[in-house]
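Shown next, in structure tokens, is the structure this report addresses.
The values are calculated or read from the model by the stated rules, or taken from the named source; none is laboratory data. Note that the structure is predicted; figures quoted are calculated from it, not measured. Methodologically, a virtual Cβ is constructed for each residue, glycine included, from the backbone with ideal geometry; neighbour enumeration extends over all protein chains shown. Heavy atoms of the whole protein, side chains included, go into the accessibility calculation; ligands, DNA and RNA do not. Shrake-Rupley method; radii C 1.70, N 1.55, O 1.52, S 1.80 Å.
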Amino acid sequence: MRRREFITLVVAFPLAAQAERAGRLPIIGLLGPNIEGVDRPRVAAFVHRLDELNWVEGRSIIIDYRSAEGVVERAAGILADFVRRPVDIIVVAGDAQVLAAKRATATIPIVMSAAGNPVGNGLVASLARPGGNVTGLSLQLTDTAGKRLELLREIVPRLQRLAIMANFANPTTAVEVDFVEAATHKLGLDTIRSQVGSTDDIAPAIERLKGDADALYVCADPLLNTNGARINAAALAARLPSMHSFRNTVEAGALVSYGPDFPASYRRAAELVDKILHGAKPADIPVEQSDKFDFVINLKTAKILGLEISPSLLARADETIE
């Protein structure tokens, strides 16, 4: 057999079979960007779907779950541990975390369980042909920014000035902010940027918005998502209706969210992991775009803010929290 043919056979050999020949179960390194409580239902959906595909944790596969706890800087150390172990596949959410995974390894397959702007942030060459060792799910967060603004304006008819809370350490944030500002300007609205870089920045940032903004748009980001309850408490105190991308923030007291169904994305990520374990290459698996979005309203928060939710909005909501 020629050397090139031998190399091709080794590369194409299923990862599960390679791990078995090495005398161990395949290992999935799963990095959650948020605190464990936020990521728990997403991880549960991922594990359950793997189980349905006959990858049973502890019997036919090992899942090494770690949490970055909303701090992007922690991801690099966790990913370095995954590479040293080594794991057979890395599953990771968040553009900054996926970028850290790409820096950590060019050979271990990486599955994005959720990424906001994978092409724009250089995670993949294109959605159809990702190339390299990364594939997964795109959340279209920037594409849905306009929809969030439309819903917020419908809920808050008096909206004239919108505060945009953002963590610019996240590479997705600048793009989302640009989209939101462009949409607000088309509607004749003014915007204020409220930049935060740590948990301690949140309360003072919202305090400064008192009387200067009519509503708060919170950009998608692990730091902000992890601190949803803190943001919501401060926003309520400042009488600011808040729009988020993730339903868990509405459960924690935000007024409204419109964004991807994360458990569904994680279930699909499990199916991509299954493909890779059976020999598929990430470079050949197109990046998929989320097709299920949740519109969630917290009626208790609306009442506290003195906002009346119209019957048409209630009918369009996927869920209301009372």
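DSSP finds beta bridges in the chain, and of those with both partners inside it, around 10 percent are antiparallel.
If you take all other residues with their beta carbon under 13 Å from the beta carbon of I35, and give Lys and Arg +1 and Asp and Glu -1, the sum is +2. Taking the protein heavy atoms of the chain in the context of the full set of protein chains, the accessible area attributed to carbon and sulfur is 51 percent at 1.4 Å. Averaging Cα coordinates gives a centre for region 98-169 and one for region 35-71; these two points are 21 Å apart.
Just to verify a number: FRET efficiency for F168 and R239, C-beta to C-beta distance, R0 = 35 Å, to 0.05?
0.85
Our note on the geometry: Cα centres of region 271-305 and region 200-253, 23 Å apart. Helices assigned as whole DSSP H runs in the chain whose Cα atoms extend at least 18 Å along their own long axis and whose mean Kyte-Doolittle hydropathy is 1.0 or higher are not found.
Report relative contact order for region 193-288 in percent, whole number only (criteria: Cα-Cα under 8 Å, sequence separation at least 6). Kindly include the intermediate steps, with their values, before the conclusion.
Details: 99 pairs, mean separation 19.3, N = 96.
Averaging sequence separation for qualifying contacts and normalising by length gives 20 percent for region 193-288.
Taking the helices alone, the chain has a mean residue ellipticity at 222 nm of -12500 deg cm²/dmol, built from -39,500 (n - 2.57) per DSSP H run of at least 4 residues and averaged over all its residues. Using alpha carbons only, the radius of gyration of the chain set against its Kirkwood radius gives Rg/Rh = 1.02. Accessible surface area normalised per residue over the chain is 44 Å², counting heavy atoms of protein chains with a 1.4 Å rolling probe.
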